[in-house]
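Input: a single structure, listed below in structure tokens.
The values are calculated or read from the model by the stated rules, or taken from the named source; none is laboratory data. As the structure is a computational prediction, the values presented were derived from the model and not from experiment. Here the Cβ is made from the backbone with ideal geometry for all residues, glycine too, and neighbour counts use every protein chain on show. Heavy atoms of the whole protein, side chains included, go into the accessibility calculation; ligands, DNA and RNA do not. Shrake-Rupley method; radii C 1.70, N 1.55, O 1.52, S 1.80 Å.
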Amino acid sequence: MIIIGVDEAGRGPLVGSVVAGAVVLPDYFELPELTDSKKLSEKKRETLYSLITEQCQWAVGESSAKEVDEINILQATMQAMRRAIESLNLKYDQVLVDGNRCPDVDNCTAIVKGDLSEPAISAASIIAKVTRDRQMLELDKQYPQYGFAQHKGYGTKKHLAALKQHGVIQGQHRESFAPIKRLIG
């Protein structure tokens, strides 16, 4: 039976893509440390990311900040999840998604806090979080004045202060999100 675990990272930040991971764990794959990526240290996530990407079938899907603004964060998240699932390009029996709703795919079950109870969802959570965090590190290299390496795009005091001082990054900041909307309004 082929089960795809799916989770996202980056729904709440003010900048960047929302990223979804999709993972199929092989039967022999057992890692007791698998859990919600937010409960793991960055070092532990990186270690698990390497193991997952070496030993499992996995894919990433995303929706850009522009897409978030065009279709809203919920629809952009569902779109990123669907893209991740489709990128695996395989016939599956079941999709398990963290949360309370499924993207528009067949045989899908949403599980609230699924990243704590379903190893495939936990693995997808790690793939999504590490991928998005790496994107924020790259954005930090381009725009060090915003502090993306530290806050990963969330609306922290430092990020909001940088936004007031340096303005919005076109194509990166989510203009439909209230703090950004107020700045450009």
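Which number in (1) under 24 Å from residue 174 (Cβ atoms); (2) open to solvent by 40 Å² or more (accessible area, probe 1.4 Å) marks the one condition that residue 41 misses?
Here residue 41 meets the rest and fails (1).
Tell me, which residue of region 90-132 that is in contact with an Asp or Glu (Cβ under 7 Å, 6 or more places away or on another chain) and acidic (Asp, Glu) is nearest to residue 6 (Cα to Cα)?
98
Give region 106-132 a look and list any residue that's buried (at least 18 other Cβ atoms within 10 Å of the Cβ) and outside any helix (DSSP H, G or I), or say none.
Across region 106-132, the qualifying residues are 108, 118.
Residues to consider are 153, 167; find the one that is small (Gly, Ala, Ser) and in contact with a Pro (Cβ under 7 Å, 6 or more places away or on another chain).
Among 153, 167, only 153 is small (Gly, Ala, Ser) and in contact with a Pro (Cβ under 7 Å, 6 or more places away or on another chain).
Condition (residue is closer than 20 Å to residue 153 by Cα, of a type in the set (Gly, Ala, Ser) and in contact with a helix residue (DSSP H, G or I) (Cβ under 9 Å, 6 or more places away or on another chain)) applied to region 86-104: is it met by at least one residue?
No.
Just wondering, is there one or more residues in region 46-58 that are part of a loop (DSSP other than H, G, I, E, B), under 28 Å from residue 150 (Cβ atoms) and either of a type outside the set (Phe, Trp, Tyr) or touching a residue at least 24 places away in the same chain (Cβ under 8 Å) (or both)?
No, region 46-58 contains no residue that is part of a loop (DSSP other than H, G, I, E, B), under 28 Å from residue 150 (Cβ atoms) and either of a type outside the set (Phe, Trp, Tyr) or touching a residue at least 24 places away in the same chain (Cβ under 8 Å) (or both).
For region 135-185, enumerate the residues that are hydrophobic (A, V, I, L, M, F, W, C) and open to solvent by 50 Å² or more (accessible area, probe 1.4 Å).
The answer is 137, 160, 161, 178, 183, 184.
May I ask you to list pairs of residues, at least six apart or on different chains, whose Cβ atoms are under 6 Å apart, with the first in region 10-30 being open to solvent by 10 Å² or more (accessible area, probe 1.4 Å) and part of a loop (DSSP other than H, G, I, E, B) and the second being at pLDDT 95 or above and among the acidic types (Asp, Glu)?
If the second residue must be at pLDDT 95 or above and among the acidic types (Asp, Glu), the pairs left are 17/62.
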